[in-house]
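Q: Quick one: this structure, given as structure tokens, is what I'll be asking you about.
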């Protein structure tokens, strides 16, 4: 998430942390609740130098959405899930852009659509990777396996 | 809502009241952070938490630099050596001129009874992180308060002024670049010493000049250097070059766009200037 990217390409950076939050919120909702998502968002604010709370509120909303929709989404195929992820990330970006526009004057543009698109494309890769880790280390026995 | 979440309902506050509580806390945080300075000391302590992330994301860059250092062929080193020797020769000859010019400048200043410009002490630092948000122009350098870095210290690269330090931890420091849209720097034109203010607009390759009247003597290609007004930046470091001037008769002021002299997006080695 802080890996340096050329200035011209910065709009294409996927929201990696939000994807992780969505994944955790869907795999282990009883361990990864709203407070955890909120704390992750706060840490993300610190790292991104944004005003405290901007990402926190967005992450919490995304976790809330993930908790609400995961019984439906987890049965979908990857490309269908990606559509949902696109929507989630768009909601996240609109919210955090709006909030950061309220607390610090900054212009926002249509960058967030590219961000959401890149994140949606990354989602299947991320899920396959994290699932293989989960299987390799037998995490599915400790975490309630409902994904 | 699914079954696992229902588990939460048996103990503690309900799911919805958690949402409300967290939203209220967040709004309080945002309002306090926006309108007061109370969070600043907390924030500068917590900034330490961000350092390992930047340190880790910098590892590939450091590895590739290290490999570049190790895997040079003899010819390449010799060619580079030759180039550097030539560069030193050219610069030494310029320096000779410089010595006489400095002496002359000093004499003239003494004649005018103005204070002398003292040679500034500098510390070389390396960038270890760049803000991932395209609209926040901040960098992290690998020197901190243990090396004597302080808030407000100017940051340069080999080509010009880059920005200023805004937050310090023991081993790192955060610097705001001159192109961030919350940054402004007092400058003057070298050709005629006209003073203006150059503001960042959130674009790494662009600065804008504030309040330039249509009668001001300013041309495309003029070099802007720091004027030292405001006491934060030292005098005479190159800041930008005027790229485009648009006089619109309907507007009170002209739109002036300048290109920063420092290579804000590619300099890895930077200088921190001690003004005292």
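Q: Being exposed (fewer than 14 other Cβ atoms within 10 Å of the Cβ), facing another protein chain (nearest Cβ under 10 Å) and over 15 Å from residue A:104 (Cβ atoms) is the filter here; which residues of region B:28-47 pass it?
A: B:28, B:42
Q: Yes or no: region A:30-44 includes at least one residue that is within 10 Å of chain B (Cβ to nearest Cβ), crowded, with 24+ Cβ neighbours inside 10 Å and part of a loop (DSSP other than H, G, I, E, B).
A: No; the residues of region A:30-44 include none that is within 10 Å of chain B (Cβ to nearest Cβ), crowded, with 24+ Cβ neighbours inside 10 Å and part of a loop (DSSP other than H, G, I, E, B).
Q: Could I ask something else about it? Looking at B:50, B:99, B:103, B:56, which is the one that is within 11 Å of chain A (Cβ to nearest Cβ) and exposed (fewer than 14 other Cβ atoms within 10 Å of the Cβ)? Steps first, answer last, please.
A: Numbers: B:50 fails: exposed (fewer than 14 other Cβ atoms within 10 Å of the Cβ); B:99 fails: within 11 Å of chain A (Cβ to nearest Cβ); B:103 fails: within 11 Å of chain A (Cβ to nearest Cβ).
Of B:50, B:99, B:103, B:56, the one residue that is within 11 Å of chain A (Cβ to nearest Cβ) and exposed (fewer than 14 other Cβ atoms within 10 Å of the Cβ) is B:56.
Q: Check B:239, B:225 and return the single one that is in contact with a strand residue (DSSP E or B) (Cβ under 9 Å, 6 or more places away or on another chain), part of a strand (DSSP E or B), touching a residue at least 40 places away in the same chain (Cβ under 8 Å) and surrounded by 19 or more Cβ atoms within 10 Å (Cβ to Cβ).
A: Working: B:225 fails: touching a residue at least 40 places away in the same chain (Cβ under 8 Å).
Answer to the selection: B:239.
Q: Of the conditions (1) buried (at least 17 other Cβ atoms within 10 Å of the Cβ); (2) in the same structural domain as residue B:197 (by TED's automatic domain parsing); (3) in contact (Cβ under 8 Å) with a residue 40 or more places away in the chain, residue B:270 satisfies every one except a single condition; which number is it?
A: (2)
Q: Check region A:84-93 and report whether any residue there is at pLDDT 85 or above, under 23 Å from residue B:180 (Cβ atoms) and surrounded by 15 or more Cβ atoms within 10 Å (Cβ to Cβ).
A: Looking for residues that are at pLDDT 85 or above, under 23 Å from residue B:180 (Cβ atoms) and surrounded by 15 or more Cβ atoms within 10 Å (Cβ to Cβ), one finds at least one in region A:84-93, hence yes.
Q: Could you say which residue among B:105, B:81, B:113 is part of a helix (DSSP H, G or I), over 27 Å from the mean Cα position of the chain (by Cα) and at pLDDT below 85? Explain how you work it out, then say what you get.
A: Details: B:81 fails: at pLDDT below 85; B:113 fails: part of a helix (DSSP H, G or I).
On inspection, the qualifying residue turns out to be B:105.
Q: List pairs: first residue in region A:115-135 and touching a residue at least 60 places away in the same chain (Cβ under 8 Å), second residue surrounded by fewer than 17 Cβ atoms within 10 Å (Cβ to Cβ) anywhere in the structure, Cβ distance under 7 angstrom, at least six positions apart or on different chains.
A: Partner pairs satisfying both residue conditions: A:115/A:11; A:118/A:12; A:134/A:140.
Q: Which one of B:137, B:183 is in contact with a strand residue (DSSP E or B) (Cβ under 9 Å, 6 or more places away or on another chain) and within 15 Å of residue B:230 (Cβ to Cβ)?
A: On the way: B:137 fails: within 15 Å of residue B:230 (Cβ to Cβ).
Of the residues listed, the single one that is in contact with a strand residue (DSSP E or B) (Cβ under 9 Å, 6 or more places away or on another chain) and within 15 Å of residue B:230 (Cβ to Cβ) is B:183.
Q: Still on this model: Looking at residue B:204, is it within 11 Å of the chain's Cα centre (by Cα), outside the structural domain of residue B:247 (by TED's automatic domain parsing) and more than 17 Å from residue B:54 (Cα to Cα)?
A: On the way: within 11 Å of the chain's Cα centre (by Cα): yes; outside the structural domain of residue B:247 (by TED's automatic domain parsing): no; more than 17 Å from residue B:54 (Cα to Cα): yes.
Against the criterion (within 11 Å of the chain's Cα centre (by Cα), outside the structural domain of residue B:247 (by TED's automatic domain parsing) and more than 17 Å from residue B:54 (Cα to Cα)), residue B:204 does not qualify.
Q: I'd like the full set of residues that are assigned to a strand (DSSP E or B), away from chain A (no Cβ under 14 Å) and surrounded by 14 or more Cβ atoms within 10 Å (Cβ to Cβ), limited to region B:242-267.
A: The answer is B:242, B:243, B:245, B:254, B:256, B:257, B:258.
Q: Tell me yes or no: at least one residue of region B:159-170 is over 30 Å from residue B:210 (Cβ atoms), in a loop (DSSP other than H, G, I, E, B) and touching a strand residue (DSSP E or B) at 6+ places or on another chain (Cβ under 7 Å). Step through it out loud before you land on a result.
A: From region B:159-170, those over 30 Å from residue B:210 (Cβ atoms) are B:169-170; that's our starting set.
Checking the rest, the ones that are also in a loop (DSSP other than H, G, I, E, B) come to B:169-170.
Going one step further and asking which of them are touching a strand residue (DSSP E or B) at 6+ places or on another chain (Cβ under 7 Å), we end up with none.
Within region B:159-170 (the criterion being over 30 Å from residue B:210 (Cβ atoms), in a loop (DSSP other than H, G, I, E, B) and touching a strand residue (DSSP E or B) at 6+ places or on another chain (Cβ under 7 Å)), the answer is no, since none of the residues qualifies.
The values are calculated or read from the model by the stated rules, or taken from the named source; none is laboratory data. All figures in this text were calculated on a predicted structure; none of them were measured in a lab. Neighbour counts are summed over all protein chains in view; Cβ atoms, including those assigned to glycine, are modelled from backbone coordinates with ideal geometry.
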